[in-house]
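Asks: Input: one structure, supplied below.
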Amino acid sequence: WIGGHGDAALRVAVERGAGLFIWMPTADKLAEYRGKVRALSATTPLAASLPLARVEGGRWLEAALAMRDAGADLLVIGRRWDDGALRDLERFAKDVLPALA
């Protein structure tokens, strides 16, 4: 995986046969990157981070579906570690993952 938001990261990912990882994009920005990736390669995967704490109102399923529909092949779920981190990750696994399958 190559992380980055610019054309250079995109170019390196495609040239190296790696995936492109976008940090904290909106669904619209991710869709824009999906178009750029597909213009260069039909096989380069696209990943995006989904920081749970930044999803308004805990609407994780809607956020995950938006990222999937925008072209994410992989979602990297993030959560700042505190007393609620494990609870939130378990809730995501129970409530969101089955709906994405």
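Asks: What accessible surface, in Å², does a 1.4 Å probe find on residue 26, ignoring ligands, DNA and RNA and rounding to the nearest 10?
Replies: Its accessible surface works out to 90 Å², give or take rounding.
Asks: Over the chain, consider all pairs of different Cα atoms and compute the Kirkwood hydrodynamic radius from their mean reciprocal separation; express it in Å, one decimal. Present the calculation step by step, with values, prior to reporting the outcome.
Replies: Details: mean 1/r = 0.0711 Å⁻¹.
Evaluated over the chain, this radius sits at 14.1 Å.
Asks: Taking all protein chains together and a probe of 1.4 Å, list 67, 24 from the most accessible to the least accessible.
Replies: Listed by decreasing accessible area, they come as 24, 67.
Asks: With every protein chain in place, what's the accessible area of residue 91 (1.4 Å probe, Å², nearest 10)?
Replies: 100 Å²
Asks: So, one more: With a 1.4 Å probe and every protein chain left in place, work out the accessible area per residue of the chain in Å², rounded to a whole number.
Replies: Counting only protein heavy atoms, the per-residue value for the chain is 61 Å².
Asks: Picking from 86, 74, 46, which is most flexible by a Gaussian network model of the chain using Cα springs under 10 Å?
Replies: 86
Asks: Take 21, 92 and sort them by solvent-accessible surface of the protein heavy atoms, 1.4 Å probe, largest at the top.
Replies: Working: 21 45, 92 10 Å².
Putting 21, 92 in descending order of accessible area: 21, 92.
Asks: Something else now. Going by Cα centres, region 1-59 and region 74-99 are how many Å apart?
Replies: 20 Å
Asks: Using unit Cβ charges (K, R positive; D, E negative) and no other charged atoms, how large, in debye to the nearest 20, is the dipole of the chain about its Cα centre?
Replies: 160 debye
Asks: What residues qualify as long-range amide H neighbours of residue 77, i.e. H under 5 Å apart, gap of 5 or more or another chain, H built at 1.01 Å from N?
Replies: It is 50, by chain and number.
Asks: What FRET efficiency do you get for residue 43 and residue 65 if R0 is 22 Å and r is their Cβ-Cβ distance, rounded to the nearest 0.05?
Replies: Calculated transfer efficiency: 0.40.
Asks: Need the full-extension length gain, residue 94 to residue 24, defined as separation in residues times 0.36 nm minus the C-alpha distance. One decimal, nm. Can you show the working numbers first?
Replies: Details: separation 70, 0.36 × 70 = 25.20 nm, distance 2.26 nm.
Result for the pair: 22.9 nm of gain on full extension.
Asks: Nearest 500 deg cm²/dmol is fine: what mean residue ellipticity at 222 nm does the chain get from its DSSP H runs of n ≥ 4 alone, each adding -39,500 (n - 2.57), divided by its residue count?
Replies: Rounded to the nearest 500, the figure is -13000 deg cm²/dmol.
Asks: Continuing with this model, one more query. Could you sort 94, 29 by their accessible area in this structure, using a 1.4 Å probe and putting the largest first?
Replies: 94, 29
The values are calculated or read from the model by the stated rules, or taken from the named source; none is laboratory data. Keep in mind it's a predicted model, so treat the numbers as computed, not measured. Glycine gets a Cβ as well: all are built from the backbone with ideal geometry, and neighbour counts include every protein chain shown. Just so you know, the surface numbers come from the protein's heavy atoms only, side chains and all, with ligands and any DNA or RNA stripped out. Shrake-Rupley method; radii C 1.70, N 1.55, O 1.52, S 1.80 Å.
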